[in-house]
Amino acid sequence: MHPNRTKEKLRRGEVAYGHGIRFFAGPEHAKFSANAGFDFLFIDSEHGAFSLQDGSALCRAALDAGVTPVVRVCGFDHHLCTQYLDNGAQGIVFPHVETLEQIKLIERELFFPPRGMRSLPGAMAINDFKPIAPKDLGAQGNDTTLAVGMVESPEAVERLDELLAPGVLDAVIVGANDLSMTLGVPGQWDSKVFIDALNSIVASCKKAGVASGLGGVFVLDILKHWVKEGMTMMYCMSDGAALIQYPATRLKAIKQADRQSVV
């Protein structure tokens, strides 16, 4: 069975870096991300428009490339996570986690019995579709599945100790844009209320032995700061951000070089 390298790194307290896929679900992006050195693909089916078939193909390509396929779903309904898990995903990110009832649903849907109630699907991509005894599939599948919750509201920050107590989540990622919006400081990464919330999240996760991370902020100095503070699951680039930032920077440099050559 394919190892979950991101889960292994997080268990060791090491930083895992992720590249987000929202607009372009072509399987070749898995190899590009692996070549760049990313640990996981943050496959965004909450905001992306690609199909389950496209997203699953990207998951399988990521497995072969050695990058952990992690899918952000758009809710807690049974089919939203199990279809991705049955077809290549090694982790699920649940947005807007706020209640213990949601935590119980996460455990129920992500894990095989006796831990959860996930159905055995037969041949699976995480095992390269090779025959495997149901007992081994259950044990190994549970061990390699990464459960991630996103904190995106003040209520979730306040309840985080309670949400982490059952030991279901392996990691918590801050949905920076939504959290800053619900805190009343949209996009103000240096505001006291936002920084205080992130410090509280990091402290709760350290106390529970759960990894914490940041998503939606791609500013280098901010990423470096929160890694220094103890965050280890960093969603630090996306296909959209790359196309916004790199072409503009590159074109500016080219135009500047052209002007200098004329002078």
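The values are calculated or read from the model by the stated rules, or taken from the named source; none is laboratory data. Values in this document were obtained by computation on a predicted structure and should not be read as measured data. We place every Cβ from the backbone using ideal geometry, glycine too, and count neighbours over all the protein chains shown. With ligands, DNA and RNA removed, areas are computed over all heavy atoms of the protein, side chains included. Shrake-Rupley method; radii C 1.70, N 1.55, O 1.52, S 1.80 Å.
Just so you know, in segment 151-163 the residues that are in contact (Cβ under 8 Å) with a residue 12 or more places away in the chain and over 17 Å from K104 (Cβ atoms) include one that is surrounded by the fewest Cβ atoms within 10 Å (Cβ to Cβ), and it is E155.
I'm checking my understanding of the structure. Among residues of segment 220-263 that are over 24 Å from P69 (Cα atoms) and among the acidic types (D, E), which one is modelled with the highest pLDDT? Of everything passing the filter in segment 220-263, E229 is modelled with the highest pLDDT. Among the residues of segment 237-248, those identified as open to solvent by 20 Å² or more (accessible area, probe 1.4 Å) and either within 19 Å of the chain's Cα centre (by Cα) or β-branched (V, I, T) (or both) are M237, A242, I244. Considering each residue of segment 174-184 in turn, at least one proves to be outside any helix (DSSP H, G or I), closer than 17 Å to H96 by Cα, at pLDDT 95 or above and β-branched (V, I, T).
Within segment 55-81, if we keep just the residues that are in a loop (DSSP other than H, G, I, E, B) and closer than 12 Å to R5 by Cα, the residue that is least open to solvent (accessible area, probe 1.4 Å) turns out to be V67. The residue that is nearest to P134 (Cα to Cα), among those in segment 31-47 that are assigned to a helix (DSSP H, G or I) and open to solvent by less than 50 Å² (accessible area, probe 1.4 Å), is A34. Has segment 164-178 got any residue that is open to solvent by less than 10 Å² (accessible area, probe 1.4 Å), touching a Gly at 6+ places or on another chain (Cβ under 6 Å) and farther than 18 Å from G91 by Cα? Among the residues of segment 164-178, at least one is open to solvent by less than 10 Å² (accessible area, probe 1.4 Å), touching a Gly at 6+ places or on another chain (Cβ under 6 Å) and farther than 18 Å from G91 by Cα, which makes the answer yes. Scanning segment 201-250 for residues that are among the polar types (S, T, N, Q) and not in a helix (DSSP H, G or I) returns S212, T232, S238. Looking across segment 82-108, the residues that are β-branched (V, I, T) and either at pLDDT below 95 or open to solvent by less than 10 Å² (accessible area, probe 1.4 Å) (or both) come down to T82, I92, V93, V97, I103, I106. Residue pairs whose Cβ atoms lie under 9 Å apart, separated by 6 or more positions or on different chains, with the first residue in segment 28-54 and more than 21 Å from T6 (Cα to Cα) and aliphatic (A, V, I, L, M) and the second in a helix (DSSP H, G or I) and open to solvent by less than 50 Å² (accessible area, probe 1.4 Å), are L52/Y84.
In the set I126, I132, only one residue is over 22 Å from M233 (Cβ atoms) and either in a loop (DSSP other than H, G, I, E, B) or at pLDDT below 95 (or both); that residue is I132. If we keep just the residues of segment 14-30 that are open to solvent by 40 Å² or more (accessible area, probe 1.4 Å) and at pLDDT 95 or above, which is farthest from G230 (Cα to Cα)? Selected residue: Y17.
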